[in-house]
């Protein structure tokens, strides 16, 4: 989580899909400036999660019937909807355990596409670890099936074809311990492939000898403008509450509420309160930081260097023994540096426990 938090500060993604979380009840899952939607696998540590940047209008699927269908308890998947101006986009994150049955995943994929077809959403995007090593996705758009026609992989491909869905990842996504990346396990499925651009991958997180590569892409929305939110809030410490209260007392509430029902009275009161707040309580700027509070420049530089060196080794087929040793050393150093900085920050926080602003 520490390295993920640091990368979020560097790249500022709008959405983060995690298809195998291994969160526990005591895991620190918070990321600065992000909301978390997650689903834990019952009885196991795995699970799926989507981190959503706080300035996006997003939540789990609102339609009760569709939510029940998409978030089937037998499937490790989570679905959300994002509203951007005049578009409502359906997004999902999934984890399919190896050798598991495909029926539940296929049903939810079909339900999601049907929701788009009936105009409940403008488009859909599903990402995650599908664990289909028996499907070879070639960059010339060929698809090679290495298992039988009745296999889960074959049924999955038929589902995509029958519902006009495209899978976009055509490069290996799992980095083996020997440096070779062979299988395309992590997929991106959409009904509109032209919206997904600049698709790329980078080295796995953490100090692991093998793992899933990080996939990154841009998603094109049709809206010309993006909703922006004010970075100001009321400075309550400087409010003129004497005059605020005076205006409240001068208001003829009986006349204002006459012949109004409860909801109308409440709305009138809120409007009056908001108007007086703007008049008697000044605003102040809210300064937010991109990086985690424990982060410093040295750790950021190390993380960037690790990513750059790992990506270079991957592109050169891990041909340099010297650089491989340097990368492994750097990978371990990043992990230790992140852990150290978190502990230092926590110690500082504990020593300053009487400062409510620090907490």
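Testing residue 140 on (1) touching a strand residue (DSSP E or B) at 6+ places or on another chain (Cβ under 7 Å); (2) in a loop (DSSP other than H, G, I, E, B); (3) modelled with pLDDT of 80 or more; (4) farther than 26 Å from residue 100 by Cα, one condition comes back false. Which one is that?
Result: residue 140 passes all but (1).
If a residue has to be out of contact with any helix residue (DSSP H, G or I) (no Cβ under 8 Å at 6 or more places or on another chain) and on the phi > 0 side of the Ramachandran plot to count, how many in segment 293-324 make the cut?
1
I'd like to verify a number: residues in segment 329-345 that are farther than 15 Å from residue 6 by Cα and in contact (Cβ under 8 Å) with a residue 12 or more places away in the chain, how many?
Residues in segment 329-345 being farther than 15 Å from residue 6 by Cα and in contact (Cβ under 8 Å) with a residue 12 or more places away in the chain: 3 in total.
Tell me, yes or no, whether segment 63-78 has at least one residue that is modelled with pLDDT of 80 or more, surrounded by fewer than 21 Cβ atoms within 10 Å (Cβ to Cβ) and in a strand (DSSP E or B).
No: segment 63-78 contains no residue that is modelled with pLDDT of 80 or more, surrounded by fewer than 21 Cβ atoms within 10 Å (Cβ to Cβ) and in a strand (DSSP E or B).
Kindly indicate whether any position in segment 312-320 is modelled with pLDDT of 85 or more, surrounded by 13 or more Cβ atoms within 10 Å (Cβ to Cβ) and within 30 Å of residue 214 (Cα to Cα).
no
State which residue is nearest to residue 213 (Cα to Cα) when the search covers only segment 177-195 and only residues that are under 25 Å from the mean Cα position of the chain (by Cα) and exposed (fewer than 15 other Cβ atoms within 10 Å of the Cβ).
So the first thing to find is which residues in segment 177-195 are under 25 Å from the mean Cα position of the chain (by Cα), and the list is 181, 183-195.
Those still in the list that are exposed (fewer than 15 other Cβ atoms within 10 Å of the Cβ) too: 193-194.
Details: 193: 21, 194: 23 Å.
Filtering segment 177-195 for residues that are under 25 Å from the mean Cα position of the chain (by Cα) and exposed (fewer than 15 other Cβ atoms within 10 Å of the Cβ), the one nearest to residue 213 (Cα to Cα) comes out as 193.
When you go through 172, 151 one by one, which is the residue that is at pLDDT below 90, under 19 Å from residue 106 (Cβ atoms) and surrounded by 13 or more Cβ atoms within 10 Å (Cβ to Cβ)? Walk me through how you get there before you give the answer.
Numbers: 172 fails: under 19 Å from residue 106 (Cβ atoms).
Matching residue, one of 172, 151: 151.
Just to verify a result, which residue in segment 3-31, among those that are modelled with pLDDT of 80 or more and part of a loop (DSSP other than H, G, I, E, B), is surrounded by the most Cβ atoms within 10 Å (Cβ to Cβ)?
Ranking the qualifying residues of segment 3-31, first place goes to 19.
Evaluate the following for residue 156: is it touching a helix residue (DSSP H, G or I) at 6+ places or on another chain (Cβ under 7 Å), surrounded by 16 or more Cβ atoms within 10 Å (Cβ to Cβ) and touching a residue at least 24 places away in the same chain (Cβ under 8 Å)?
Judged against the criteria, residue 156 is a match.
The values are calculated or read from the model by the stated rules, or taken from the named source; none is laboratory data. Everything numeric in this text was worked out from a predicted model, so none of it was measured. With ideal geometry, Cβ positions are generated from the backbone for all residues, glycine too; neighbour counts draw on all protein chains shown.
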